[in-house]
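Below you'll find the structure, written out as structure tokens, and then a few comments.
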Amino acid sequence: MAQVRHGRQTTPSAIGSVLRFLGVALAVVAISAVAVVGYAVTSVTQTISDNAVDIGGETPAPPPPFFGAFEGGFTMLVVGTDYDSNQGDDFGERDATLNDVNILLHVSADHQNAVVVSFPRDLVIAHPECKDPTTGDVYDAMSAQPLNEAYSRGGLGCVVDTISSLTGVPIQYAASTSFKGVIEMTNAVGGVEVCAADDIADPDSGSYLTAGLHTVQGQEALAFLRNRHGVGDGSDLARIGSQQQYLSSLLRKIKSESTLSDPTKVYGLAHAAAANIIPSQSLSGLDSMVSLALTLKDIDLSKVVFVQYPVAAYVEDPNKVQPVQSLAEELFARVLADQPFSLPADSTVTGSTDVDAPPTETPATDAAPPASDAPTDVAGTPDVIEGLKGQTAAEQTCANAFSG
């Protein structure tokens, strides 16, 4: 009987072993990376969804595309509150949560223009009836009360109803954040550059800046945004100037560093937002947040206009303000009609100084911009709304020290 002989196996070479090992290792890394990203996205989405609240509204917000720019125009309200359950007494004791920062963002349907309106917290206006979604308590409508009382009467939904009633603008999306949220969002982008025209000192907020440019983050960024007694005339209107400066600088940084094209940075921002905001249910998906952000990506900075809601001293209390009705109506008629407009010369908000602006962006193509029905001057620039105060995102402004 013939002996069975087994074929001799080839001894694997060292190079072959290494290559096979690397292949397996790369496959493991790739699978792990996908798993980590999947977990991260799921985690962020779940956090956002768990925190979402109903803001009502007769017209539901349209669903966003999957990780693409939002189609058409939209309006979103961002509310800054002075308290959350995690801050303790780090910023002083609070008897109630107030909406001290109220910012309305409107992006036009053609994505060529955006308007950002800041409403003073001490703006005395009528308030609609509100229902607290947590307790079920119903609050009667009020006349002649400060805007920053809205949150205590029904949370984010009540602020949305109050601003919408004042402006006539339907609001599809909303989010609120507290002091901690400002800190974490600023840290997520690596700090924001701000400017002081003079040395600034405000013991109340803890903001101390020498004249010049500073990159602020963490507690220092929050102190700059809270600073009231150290800038301008010491009023909330002067603080709005600092907020507009900060937001303009933030937008310039995000666009100049292509943040919205970097998945790592987008996730960092999304994670910071998810952990520190209370969104409306219409904003409860990660794809919604990303889509709205991508809508802003290609708007020319000179066409993003930051505006202070037009006000005058309140007749019964000079420490508060009331609407300049005719000017407010003109502003929001443009917003509702998606008509761009320009600000008058020397229009910076109280407490701010305009300085040389960085170059405005040039269009990516030679194609003519979309036609607009908005009134224009002889040079083709959208006409000026006289009396408005603010700046564009392309402008660099500096905060003036308290003038006494």
Determine whether V189 is out of contact with any Lys or Arg (no Cβ under 9 Å at 6 or more places or on another chain), aliphatic (A, V, I, L, M) and surrounded by 17 or more Cβ atoms within 10 Å (Cβ to Cβ).
no
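Within the range 120-161, can you find the residues that are in a strand (DSSP E or B), in contact with a helix residue (DSSP H, G or I) (Cβ under 6 Å, 6 or more places away or on another chain) and within 24 Å of F306 (Cα to Cα)?
Residues satisfying the conditions are L123, I125.
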How many of the residues in the range 159-192 are without any contact (Cβ under 8 Å) to a residue 40 or more places away in the chain and among the hydrophobic types (A, V, I, L, M, F, W, C)?
1
Picking from D300, D262, D317, the residue that is farther than 22 Å from I171 by Cα and buried (at least 17 other Cβ atoms within 10 Å of the Cβ) would be D300
Tell me whether the range 193-208 contains one or more residues that are touching a residue at least 60 places away in the same chain (Cβ under 8 Å), crowded, with 23+ Cβ neighbours inside 10 Å and assigned to a loop (DSSP other than H, G, I, E, B).
no
Cβ-Cβ below 8 Å, separation at least six or inter-chain, first residue in the range 300-321 and touching a residue at least 12 places away in the same chain (Cβ under 8 Å) and closer than 26 Å to L251 by Cα, second among the aromatic types (F, W, Y) and surrounded by 12 or more Cβ atoms within 10 Å (Cβ to Cβ): which pairs?
V305/F341; Y309/F119
Can you find, within the range 162-181, the residue that is nearest to the chain's Cα centre (by Cα) among those that are crowded, with 23+ Cβ neighbours inside 10 Å, of a type in the set (A, V, I, L, M) and outside any strand (DSSP E or B)?
I171
Six or more apart or on different chains, Cβ under 7 Å: which pairs go from a residue in the range 392-404 that's under 16 Å from L209 (Cβ atoms) to one that's part of a strand (DSSP E or B) and among the charged types (D, E, K, R)? Could you list them?
T397/D354
Return the pairs, sorted by first residue and then second, in which the second residue is in a helix (DSSP H, G or I) and charged (D, E, K, R), the first residue lies in the range 246-261 and is more than 14 Å from A221 (Cβ to Cβ), the beta carbons are less than 8 Å apart, and the residues are 6+ apart or on different chains.
E257/K265; T259/K253; T259/K265
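With the condition being under 14 Å from V115 (Cα atoms) and either modelled with pLDDT under 90 or in contact with a Phe, Trp or Tyr (Cβ under 7 Å, 6 or more places away or on another chain) (or both), I'd like the strands (runs of 3 or more DSSP E) fully within the range 317-404 carrying at least 1 qualifying residues. Give the derivation first.
On the way: elements: 317-323, 352-354, 389-392, 397-399.
In the range 317-404, 389-392 are the strands (runs of 3 or more DSSP E) which contain 1 or more residues that are under 14 Å from V115 (Cα atoms) and either modelled with pLDDT under 90 or in contact with a Phe, Trp or Tyr (Cβ under 7 Å, 6 or more places away or on another chain) (or both).
The values are calculated or read from the model by the stated rules, or taken from the named source; none is laboratory data. What you are looking at is a predicted structure, and each value in this text was computed from that prediction instead of being measured. Every residue, glycine among them, receives a Cβ derived from its backbone with ideal geometry; neighbour counts consider all protein chains shown.
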